[in-house]
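See below for the structure under consideration.
Just so it is clear, none of the values below were taken in a lab; they were calculated from the coordinates. Predicted model, so just to flag it, every value in this text is computed and none were measured. Here the Cβ positions follow ideal geometry from the backbone for every residue, glycine too, while neighbour counts run over all protein chains shown.
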Amino acid sequence: MSPFFCLCSTGSDVACCYWICCSGGLELLCDSVKMHNVNVDLENGLEQLTMKDLLAWARTNLIKERPEMFMKGDTVRPGVLVLVNDCDWELSGQLDTTLQEKDVVVFISTLHGG
Amino acid sequence: MEEGNTIAKRAGSRLCCLCNERKPALKRPKTLEQICRDCFYNVFEEEIHQVIVGNHLFKAGERVAIGASGGKDSTVLAYVMSELNRRHNYGLDLFLLSVDEGITGYRDDSLETVKRNEVQYGLPLKIVSYKDLYGWTMDEIVKVIGLKNNCTFCGVFRRQALDRGAAYLKVDKLVTGHNADDIAETVLLNILRGDVARLSRCTSITTGEDGPIPRCKPFKYTYENFNQNHTYAYFKKLDYFSTECIYSPNAYRGFAREFIKDLERMRPRAIVDIIKSGENFRISTSTKMPEQGTCERCGYISSQKWCKACVLLEGLNRGLPKLGIGRSRFLENSNDNRKEAKRNDGDRSIESKQCGSLDF
């Protein structure tokens, strides 16, 4: 069993769809659903979705409880690892990372003991 | 952070700094170079190998128990230890040792993971339970003591449980998956508690060499900030259990952890620096330090008449669960301590307290 919660995107005509995965206990904040197939409408004037937008969207639409466990301010809480297409988002600019269709975003919480 | 170019880079625009062949997946912790998955595995495993060899953690032929909870640190530890043991011929006999505290909905699930690890890694598993050792599960203890000091009980009991399990397996050493973040948290906690004795011991990579079973922490220099263990476990698709202990939200360590995570975000080296500070503490010779002896009741190592586990157990069995928590620490001397605590003389009362007794 893979203990990950992922956000991924699937193809779509208009809005961009993503798959979001949460792991490390984060899935508990989303009604224990690990994999989310997500459609995000782009706001007027925006050409591409950035991680910053996606996070804001996730906080409103995905996280059902205790948002402070997932985010702190604009970005993820310290201790949450973010992978975009299996690459650390530090490589692609963190919040400025632009997302494309069929992208897979994985959030892994590293906060508890192991 | 590459903020020079405003166009956000997609990870595919460069190649791995080490092999120059593959797409990078993350930044190498120490040097912030971008490396691919395979190079990450090599770098990670090689670093652990160097820590093991450089600190002379093991000798060939030793029997070693790996403290396994089913969580990411211990799973990665078990995987890497058995891999390095094979690759570099350490000549070790490895075992998995797991503690069942009796926490429904948490430990029973993670133990299933460890049982799978036993099969996946081919390492014999021994499980020790609080119920067998002490006659109490954590669930039962929490019903009596509530949610405030339960982690104190669990920590004390677990330490002994691991030693008893290790003795049963007749191992020479115990390894645990504690990493740099954990040790930094412990340093902070010991400072907050005024526990000078523990502070001087907690930063060593091998502890308890004068006790029943020495324990070492090969991940001592692994920063969690760069999330190495998680990343490693994720990429390698290791099987681990990842939910927080249901009782842990009230643990004091959580505050230290939150603080450390914030510090790390601003300056990643802060973690290692805290550990270095802990290592560099010098204790004044006039400070009263506890002497090591043995517990009168069970023979376990202890600096008091009775070891902490016996004090706590006595309290539980007598229906006095607060025994051993807070100021009335010692069975015999509880009245004296309470008198001391009531004195509000600032300096005088703090100096006269035996070290490690500033409980909150």
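Can you give the FRET efficiency to the nearest 0.05 for B:ASN280 and B:THR206, using r as the Cβ-Cβ distance and R₀ = 30 Å? The partial results should precede the final answer.
Numbers: r = 18 Å, r/R0 = 0.61.
Rounded to the nearest 0.05, the efficiency is 0.95.
If the limit is 32 Å between Cα atoms, which of A:LYS52/B:LYS220; B:LYS148/B:LYS217; B:LYS148/B:LYS305; B:LYS131/B:LYS276 go over it?
A:LYS52/B:LYS220; B:LYS131/B:LYS276
Calculate one ³J(HN,Hα) per residue across the range B:166-177 by plugging θ = phi - 60° into the Karplus curve 6.51 cos²θ - 1.76 cosθ + 1.60, and present them in order as whole Hz with x for glycine and proline.
My calculation for the range B:166-177 gives 5, 5, 4, 7, 6, 8, 8, 8, 10, 10, 10, x Hz in order.
Determine the gain in length on full extension of the stretch B:TYR168-B:PHE259; use 0.36 nm per residue of separation and subtract their C-alpha separation, reporting nm with one decimal.
My answer for the length gained is 28.9 nm.
Given points 7 Å out from each Cα along the Cα-Cβ axis, report the B:ILE301 to B:MET289 separation in nanometres with one decimal.
Label-label distance for B:ILE301 and B:MET289, simple model: 1.4 nm.
Loop-only GluC sites (Glu not before Pro) in the range B:125-230, please: DSSP not H, G, I, E or B, and at most 14 other Cβ atoms within 10 Å.
B:GLU209
Computed over the Cα atoms, what is the radius of gyration of the range B:144-260 divided by 2.2 N^0.38 Å, N being its residue count? Mind showing how you got there, number by number?
Working: Rg = 15.5 Å, N = 117, 2.2 N^0.38 = 13.4 Å.
The range B:144-260 yields a ratio of 1.15.
Lys and Arg at +1, Asp and Glu at -1: add these up for the other residues within a Cβ distance under 13 Å of B:GLY54 and post the number.
-1
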